[in-house]
Amino acid sequence: MKRICFFIVAVFCVTALFAQGEPAKYRTTITNFKKFYNANIPDSISKDFSPEMLAAVPADKFRLTTQQLSAQLGPLVSTELKQYSAPLAVYKATFQNGIFGLNISLNNKGQFTGLLLTPYKEPSATKLDPTLTESPVLLKTLTGTIAGTLTTPTNLTGKIPVVLIIAGSGPTDRDGNTQSMGAIPNTYKMIAEALGKDNIASLRYDKRMVGESATGQKEENLRFDDYVDDAIGLVNLLKEDKRFSKVIVLGHSEGSLVGMLTTIAAEGNVNAFISVAGAGRRANEVIKEQLKAQPAYVTEGFEKVLDSLKIGKIQKKVDPSLYALARPSIQNYLMSWFKFEPKEELRKVKVPVLIIQGSTDIQVGIADATNLKKAKSAATYIIVPGMNHVLKEAPIDREKNIATYKQPELPLKPEFVASVLDFIHGLK
């Protein structure tokens, strides 16, 4: 079923709090929403819209949208609060024909400032190590909500370091999985557990427009800087938390560049930066190299898109084989990404840096890590033999290497874990 959205309008402040109990006004609002939705009287819902929301979504537009949803989903059977972090409440909404996440934001007058329906994802059935505790985290931004998971030792005593884990490219979720592509290595979840067992907290999160990170933003309006803004907001959240002694940013793959820019922008709030399988060249160069194994018409088609983007123009006619990578709606994002040169950005980072790379990574090579090391000679530089892009043991053979992307039970390379732990514990 396609993603179904009511709408979401901008909230004019950034807030970030850990999960809390459900306030009475939210309980009343969700009860009334269910009653009016099932009775097919959407005007009784929209009468409680804030002025800003009503301007963005007039009553007649909301009425039509609700009628269409009702015809497709049927009655709303039940709602269950899953997370609350002012001003956002996230409910599991069970309709007759499907289960969705229903996100509601209210102002201090109890009026709607946001309302969004997204696909619902049940929490992972994987058992958490009993020595660790996981808590939901929500960051409210100007365009939506970033949802994440904070992992801490269960018996936390004193201040400990915390690591912000920033995901790589594509629709990668907080656990390091790209379900739509069949990639389920659980990489970031495993990193969080390894850190937690060594008395280091971590926060991993769904990227904007992925998983539970709901937003009303259209893909054509997405920019690379948006990812940086989200990470900065989460860094500030962690910095303000009195449980943590240091904030370390760890960026994987595309997240390495996001992490660099975040570390630079949040100077004073970040104590160290870790680049994991990070590109040492502009993203367009890396993508071109990755496409060399594809048929000539694919690489030639991408070159045409690049030529257009270089002069700031969207290439509207794209070969279907390139649609996943360079569809017209994502080209503004690509332009905003390609402008950054990782080596130049890394030179601006003033905190301790760890550059770590696998020798059998078929997506980002050792040459990229070397380029980063040249840009930051003081950085700790580690090549892990036999480690691939998802940080698992893998041969260089492409087919066998990619097979590990679908093996969530396969552990992280021990040398990778040991290198990260040694670096963090060595920080002053």
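The values are calculated or read from the model by the stated rules, or taken from the named source; none is laboratory data. Treat the numbers as computed from the prediction; the structure is a model and nothing was measured. Note that each Cβ is placed from the backbone with ideal geometry, even for glycine, and that neighbours are counted across all protein chains shown. Quick note on the areas: whole protein, heavy atoms, side chains included, nothing else; ligands and nucleic acids left out. Shrake-Rupley method; radii C 1.70, N 1.55, O 1.52, S 1.80 Å.
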Report, in listed order, any pair from LYS140/LYS313; LYS140/LYS242; LYS242/LYS339 with a Cα-Cα distance greater than 30 Å.
LYS140/LYS313; LYS242/LYS339
Once the principal axes of the Cα atoms of segment 374-428 are found, what is the range along each, listed largest first in whole angstroms?
40, 26, 13
Beyond 22 Å, what percent of the Cα pairs of segment 265-363 remain?
42
With all protein chains present, the chain has a carbon and sulfur share of its accessible area (1.4 Å probe) in percent of 54
Volume per residue (Å³) of the convex hull spanned by the alpha carbons of segment 194-289 is 130
Full-extension gain in nm, LYS159 to ALA56, via 0.36 nm per residue minus C-alpha separation
32.6 nm
How much of the DSSP bridge set in the chain is antiparallel, in percent, rounded to the nearest 5?
65
Over what distance in Å are the Cα centres of segment 270-313 and segment 195-242 separated?
24
Dividing the convex hull volume of the Cα atoms of the chain by its residue count, what figure in Å³ per residue is obtained?
151
Can you sort ASP43, ASP173 by 1.4 Å-probe accessible area, starting with the largest?
ASP43, ASP173
Report, in debye and to the nearest 20, how large the dipole of the chain comes out about its Cα centre when Lys and Arg carry +1 and Asp and Glu carry -1 on their Cβ.
540
Run the quick spin-label model on GLU220 and LYS313: label points 7 Å from Cα toward the beta carbon, then report their separation in nm to one decimal.
1.7
Separation in nanometres of the label points that stand 7 Å from Cα toward Cβ, at ALA367 and ALA71
5.6
Would you kindly state how much longer the chain becomes between ALA403 and LYS109 on full extension, computed as 0.36 nm times their sequence separation minus their alpha carbon distance, in nm to one decimal?
100.5 nm
Tell me the relative contact order for segment 342-428 as a rounded percent, counting alpha carbon contacts under 8 Å between residues six or more apart.
27
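With contacts defined as alpha carbon pairs under 8 Å and 6 or more residues apart, what's the relative contact order of segment 53-189 in percent?
11
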Quick calc: nm separation of the 7 Å Cα→Cβ label points for LEU142 and GLU267 -> 2.2
Compute the orientation-averaged projected area for segment 125-237 from the convex hull of its Cα atoms and round it to one decimal in nm².
7.4
In nanometres, the difference between 0.36 nm per residue of separation and the alpha-carbon distance of GLU303 and GLU22 is 96.0 nm
Normalised per residue, the volume inside the convex hull of the alpha-carbon atoms of segment 292-428 in Å³ amounts to 147
How large is log10 of I(q)/I(0) for segment 350-393 at q = 0.16 Å⁻¹ when the intensity is taken from the Debye formula with one equal scatterer per alpha-carbon?
-0.39
With the contact rule set at Cα under 8 Å and sequence spacing of 6 or more, what percent relative contact order holds for the chain?
13
